[in-house]
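Reviewing the structure listed below.
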Amino acid sequence: YSVALDGRAIKTPAGLDLILPTERLAGAVADEWNAQGETMDAATMPMFRSAATVIDRVAPQRAEVIQVTLKFGETDLFCYRAKAPEDLIERQSKSWQPWLDWAARALSAEMTVTTGIVPITQPAAAVSALGSALEALGDYQLMGVSAATAAAGSLILGLALGANALAPGEAAALALIDDLYQAERWGDDAEAERNRRRVRSEIDDAARFMELCR
């Protein structure tokens, strides 16, 4: 499927044909273009941006995209737990451990958990399993998983979202556990709230993109 603007097919920023895998995605892209005013605002066109990125970058540089995304698995958010206080430790464990269990069960990726922020080396078998999960994705699903992973700092979260095992709202809540805890304990500020809105928006956009591509 493609989208025409005033009778002419839309191109990607690199000048390639915008050929899309589903009619639903093409409809969403058309809606974004129809909503533009006198000047185009790329920030209001997440489906077009994602689709164009697949064509311009993900497809021709697939191996590089997989490697960059896999790096998040090597330092996955879900594997780094607080040393204190006890209520945060409990919240992280209760929220994150089920998804590490899911990764072990569904992806054969048994990850190691640590406390603090000093980097640890994940088991080679786990990293290999995560890499295989990324390799199995089509280019459009890889785009969505990669975007969600970068927003959350967790490849496990990105893959769970991509597998439709996790809803976007829950995914954002998991990614923001530490931020929300700090806001509850010490009070909020405008910059932190802006960051949370960005994370939620990027995860929502990634989830919607993958759904439209199915």
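The values are calculated or read from the model by the stated rules, or taken from the named source; none is laboratory data. None of the values given here were measured: they were computed from a predicted structure. We place every Cβ from the backbone using ideal geometry, glycine too, and count neighbours over all the protein chains shown. To get the accessible areas, we keep the full protein, side chains included, count just its heavy atoms, and leave off ligands, DNA and RNA. Shrake-Rupley method; radii C 1.70, N 1.55, O 1.52, S 1.80 Å.
Residues that are closer than 24 Å to CYS213 by Cα, open to solvent by 50 Å² or more (accessible area, probe 1.4 Å) and either modelled with pLDDT under 95 or in a helix (DSSP H, G or I) (or both) within segment 54-84 comprise ARG57, ARG62, ALA63, GLU64, GLN67, VAL68, PHE72, listed in sequence order. Close contacts from segment 125-144, counting a first residue that is in contact (Cβ under 8 Å) with a residue 12 or more places away in the chain and more than 15 Å from ARG105 (Cβ to Cβ) and a second that is among the acidic types (Asp, Glu) and in a helix (DSSP H, G or I), with Cβ to Cβ under 7 Å and a gap of 6+ residues or different chains, come to VAL127/GLU74. Scanning segment 4-48 for residues being over 20 Å from ASP204 (Cβ atoms) and of a type in the set (S, T, N, Q) gives a total of 4.
Is at least one residue of segment 92-108 among the aromatic types (Phe, Trp, Tyr), open to solvent by 20 Å² or more (accessible area, probe 1.4 Å) and in contact (Cβ under 8 Å) with a residue 60 or more places away in the chain? Within segment 92-108, one or more residues are among the aromatic types (Phe, Trp, Tyr), open to solvent by 20 Å² or more (accessible area, probe 1.4 Å) and in contact (Cβ under 8 Å) with a residue 60 or more places away in the chain. Listed here are the helices (runs of 4 or more DSSP H) enclosed by segment 120-214 that have at least 2 residues being within 22 Å of PRO46 (Cβ to Cβ) and among the polar types (S, T, N, Q): 139-152, 190-213.
Condition test on ALA147, is it closer than 22 Å to ARG24 by Cβ, touching a residue at least 40 places away in the same chain (Cβ under 8 Å) and of a type in the set (Gly, Ala, Ser)? Give the derivation first.
Details: closer than 22 Å to ARG24 by Cβ: yes; touching a residue at least 40 places away in the same chain (Cβ under 8 Å): yes; of a type in the set (Gly, Ala, Ser): yes.
The answer is yes for ALA147.
Got a number for residues in segment 112-158 being open to solvent by 20 Å² or more (accessible area, probe 1.4 Å), over 21 Å from ILE203 (Cα atoms) and touching a Cys at 6+ places or on another chain (Cβ under 9 Å)? Here the count works out to 4.
Can you report the number of residues in segment 1-43 which are in a loop (DSSP other than H, G, I, E, B), aliphatic (A, V, I, L, M) and open to solvent by less than 30 Å² (accessible area, probe 1.4 Å)?
4
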